[in-house]
1. Might you check whether a residue that is over 29 Å from residue 31 (Cβ atoms), out of contact with any helix residue (DSSP H, G or I) (no Cβ under 9 Å at 6 or more places or on another chain) and in a helix (DSSP H, G or I) occurs anywhere in the range 130-147?
2. Here are 106, 94: which of them is in a loop (DSSP other than H, G, I, E, B), at positive phi and either surrounded by 11 or more Cβ atoms within 10 Å (Cβ to Cβ) or in contact with a helix residue (DSSP H, G or I) (Cβ under 7 Å, 6 or more places away or on another chain) (or both)?
3. So, residue 124, is that one within 30 Å of residue 56 (Cβ to Cβ), in contact (Cβ under 8 Å) with a residue 12 or more places away in the chain and either part of a helix (DSSP H, G or I) or in contact with a helix residue (DSSP H, G or I) (Cβ under 9 Å, 6 or more places away or on another chain) (or both) or not?
4. Looking only at strands (runs of 3 or more DSSP E) that fall completely inside the range 23-83, which ones have 2 or more residues that are surrounded by 15 or more Cβ atoms within 10 Å (Cβ to Cβ) and touching a residue at least 60 places away in the same chain (Cβ under 8 Å)?
5. Which pairs do you get when a residue that is over 17 Å from residue 174 (Cβ atoms), found in the range 148-164, comes within reach of a residue that is in a helix (DSSP H, G or I) and modelled with pLDDT under 90, reach meaning Cβ atoms under 9 angstrom, with the pair 6+ apart or on two chains?
6. Testing residue 168 on (1) surrounded by fewer than 16 Cβ atoms within 10 Å (Cβ to Cβ); (2) over 24 Å from the mean Cα position of the chain (by Cα), one condition comes back false. Which one is that?
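The values are calculated or read from the model by the stated rules, or taken from the named source; none is laboratory data. Model, not experiment: these values are computed from the prediction. Here the Cβ is made from the backbone with ideal geometry for all residues, glycine too, and neighbour counts use every protein chain on show.
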């Protein structure tokens with residue numbers, strides 16, 4: 001498992017590693033998979049259809065121990081372990097919400113990222129991670145929002161059988177609004193280019 005640290009794209013703040021490019025341990029995924037019970041498990045990641053690494057996870061009642069091989073830049077694989085606490089909080093309407101405790105600062109968080117410069121997992125703040133969206137322009141953010149909405153639809157953008165009609169209609173309303181905003185952003189960009197070049201609408 002490498003340390004990462006590459007510059008992903010240009011723009012502000014391009015020098016920061018991005019959350020989306022690193023392995024993550026999400027306590028919500030652990031809960032859905034039944035991995036919050038005491039025992040030993042294997043957690044793996046894929047990048048596309050290709051395996052991208054795995055870790056051994058051991059849970060006792062209060063802590064999580066993650067064991068893995070970390071490969072420093074230009075070096076040989078080194079055994080590493082990160083230990084952090086497992087927290088519980090009561091929900092207002094019943095039930096329990098689980099959290100990982102960052103092994104560096106102790107802050108409760110849903111996601112732990114890997115890895116730091118010396119090969120350990122930590123929270124986003126401690127690893128000084130950014131989000132890919134921070135370097136997107138207005139059009140890029142709109143396209144990303146639209147793709148997330150379209151991913152909820154079925155084949156050929158039809159309503160999935162399990163989805164309520166009201167929800168389906170709301171998604172399409174949001175997509176239509178995004179399309180309108182994309183038109184506005186596109187036109188604003190065209191007008192900026194025209195002003196820089198000294199053109200006016202009459203020149204079109």
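1. Among the residues of the range 130-147, at least one is over 29 Å from residue 31 (Cβ atoms), out of contact with any helix residue (DSSP H, G or I) (no Cβ under 9 Å at 6 or more places or on another chain) and in a helix (DSSP H, G or I), which makes the answer yes.
2. Only one candidate qualifies: 106.
3. The answer is yes for residue 124.
4. 24-26, 63-70
5. So the pair list comes out empty.
6. Looking at each condition in turn, residue 168 falls short on (1).
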